Amino acid sequence: MAEDYTRRSKLINEVFWDEVNGFYYNVNKVDHSFTFKVSNDLKRDEIIGFLPLWAGIATPQQAQRLVAKLTDTTAFWRKYGVPSLSAQDAYYNPKGYWNGPVWVEWNYLIMRGLLNYGYKKEAIALVDKICEGMIEVLKKDHNLWEFYSPDEAWGGYHKTYIWAGIINRMMMDVYEFKTSL
């Protein structure tokens with residue numbers, strides 16, 4: 001099992017990591033390039049590029065670069081959490097399905113990755129951002145939503161979504177760090 005993890009981790013870092021941008025991207029399955037139709041068109045700053053933090057695949061140097069990208073307020077470090085697509089992308093839509101809203105369960109994975117790499121203050125700040133947004137929406141409409149806007153107090157599409165309840169686990173996971181700072 002450990003050998004398989006090591007082999008896969010090495011492949012992910014060799015194939016999906018882009019040293020120039022310091023980020024993990026999708027690749028063309030035929031030639032493992034970042035190109036599908038036009039040069040580098042698969043280099044989209046999407047939330048999935050942070051998942052190697054959660055999986056423990058990133059090296060400490062890669063993690064540092066990922067956290068720098070994550071905490072850029074013009075891209076991912078938004079008022080109410082990490083959007084599914086960078087706010088710098090032309091397709092960014094904070095209320096569009098996969099083009100920018102905050103999915104709480106994906107933010108949970110990022111928070112766990114931050115904790116795993118020792119970025120406790122950033123993990124706490126992320127949970128605080130998400131809590132603030134969710135609380136504002138709860139005050140207005142008394143529901144947990146499928147996803148939330150990263151830029152304003154808005155929850156959307158399907159209401160009473162159970163997976164938004166993972167915010168409770170997030171708060172529990174960072175509570176001990178928050179009280180010790």
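Every number in this text was worked out from the coordinates using simple rules, so none of it is lab data. None of the values given here were measured: they were computed from a predicted structure. Note that each Cβ is placed from the backbone with ideal geometry, even for glycine, and that neighbours are counted across all protein chains shown.
Points to keep in mind about this one:
- Residues whose placed amide H lies under 5 Å from that of Trp154, excluding near-sequence neighbours: Ser149
- Estimated inter-spin distance, Ser9 and Ala55, nm [label 7 Å along Cα→Cβ]: 1.2
- Residues Tyr92, Tyr5 arranged by fewest to most Cβ contacts within 10 Å: Tyr5, Tyr92
- Ranked list, fewest to most other Cβ atoms within 10 Å of each Cβ, for Ser86, Ser33, Ser9: Ser33, Ser9, Ser86
- Note on Val38 and Asp89: the model spin-label points, each 7 Å out from Cα along the C-beta direction, lie 1.6 nm apart.
- Relative contact order for the stretch 15-121: 22 percent, from Cα pairs under 8 Å spaced at least 6 residues apart, divided by residue count.
- Nitroxide proxy distance, nm - points 7 Å out along Cα→Cβ at Lys120 and Glu152: 3.8
- FRET efficiency, 1/(1 + (r/R0)^6) with R0 41 Å, evaluated for Asn28 and Cys131 via beta carbons: 0.60
- Modelled FRET efficiency - R0 22 Å, Thr160 with Trp98, Cβ distances, 0.05 increments: 0.60
- Which labelled figure in (1) 14.7, 42; (2) 16.2, 55; (3) 16.7, 50 is Rg and Dmax of the Cα atoms in Å, once derived from the coordinates: (3)
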